[in-house]
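**Student:** Before I ask anything, let me first share the structure, which is written out below as structure tokens.
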């Protein structure tokens, strides 16, 4: 009789472990789906960049747009991945938060060029998408 109880409790423990593993898999899948739903879209960012930023920063983000060629200082070349602002004072320059702040408020708000106009009308999603595009360059 005692062996039968051990066998039953062993099967229950295995079933319990299988349920926990399945639930963990489902929870992980749900978290990943939620992350993907909110992840920035570099393709959409490229379209927003082309419409709003490329005249200065150029189609490829090299700072060589038609207007950008006439500006002093020249626009940032995003393909170099060098950013100078630490807008949120976290000790790191060029974070997504820093880029987002400069895009929304403009360069002059952080001691940069007044030629970098802010884009306060862009949504948070649009800005995240533009940042994703800039990071892809």
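**Student:** Please count how many residues of the range 113-137 are over 23 Å from residue 41 (Cβ atoms) and either without any contact (Cβ under 8 Å) to a residue 12 or more places away in the chain or buried (at least 18 other Cβ atoms within 10 Å of the Cβ) (or both).
**Tutor:** Step one: of the range 113-137, the residues over 23 Å from residue 41 (Cβ atoms) are 113-117.
Among the residues that remain, those that are also either without any contact (Cβ under 8 Å) to a residue 12 or more places away in the chain or buried (at least 18 other Cβ atoms within 10 Å of the Cβ) (or both) are: 114, 116-117.
So the answer is 3.
**Student:** Looking at the structure I just gave you, is residue 79 under 19 Å from residue 122 (Cβ atoms) and at pLDDT 95 or above?
**Tutor:** Details: under 19 Å from residue 122 (Cβ atoms): no; at pLDDT 95 or above: yes.
So residue 79 fails the test.
Residue-wise test of (1) in the same structural domain as residue 114 (by TED's automatic domain parsing); (2) under 21 Å from the mean Cα position of the chain (by Cα); (3) under 18 Å from residue 120 (Cα atoms).
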{"residue": "47", "(1), (2), (3)": "yes, yes, yes"}
{"residue": "54", "(1), (2), (3)": "yes, yes, yes"}
{"residue": "59", "(1), (2), (3)": "yes, yes, no"}
{"residue": "70", "(1), (2), (3)": "yes, no, no"}
{"residue": "75", "(1), (2), (3)": "yes, no, no"}
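Per-residue answers, yes or no, for (1) in contact with a helix residue (DSSP H, G or I) (Cβ under 9 Å, 6 or more places away or on another chain); (2) closer than 19 Å to residue 137 by Cβ:
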position: 58; (1), (2): yes, yes
position: 61; (1), (2): yes, yes
position: 64; (1), (2): yes, yes
position: 73; (1), (2): no, no
position: 82; (1), (2): no, yes
position: 86; (1), (2): yes, no
position: 89; (1), (2): no, no
position: 94; (1), (2): no, yes
position: 101; (1), (2): yes, no
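**Student:** In addition: If I filter the range 84-112 down to residues being surrounded by 16 or more Cβ atoms within 10 Å (Cβ to Cβ) and not in a helix (DSSP H, G or I), which single residue comes out as farthest from the chain's Cα centre (by Cα)?
**Tutor:** Taking the candidates together, the pick is 112.
The values are calculated or read from the model by the stated rules, or taken from the named source; none is laboratory data. Only a predicted model underlies this, so the values are computations on that prediction, with no experimental measurement involved. Because the Cβ atoms are built from the backbone with ideal geometry, glycine has one as well, and the counts that use them run over all protein chains shown.
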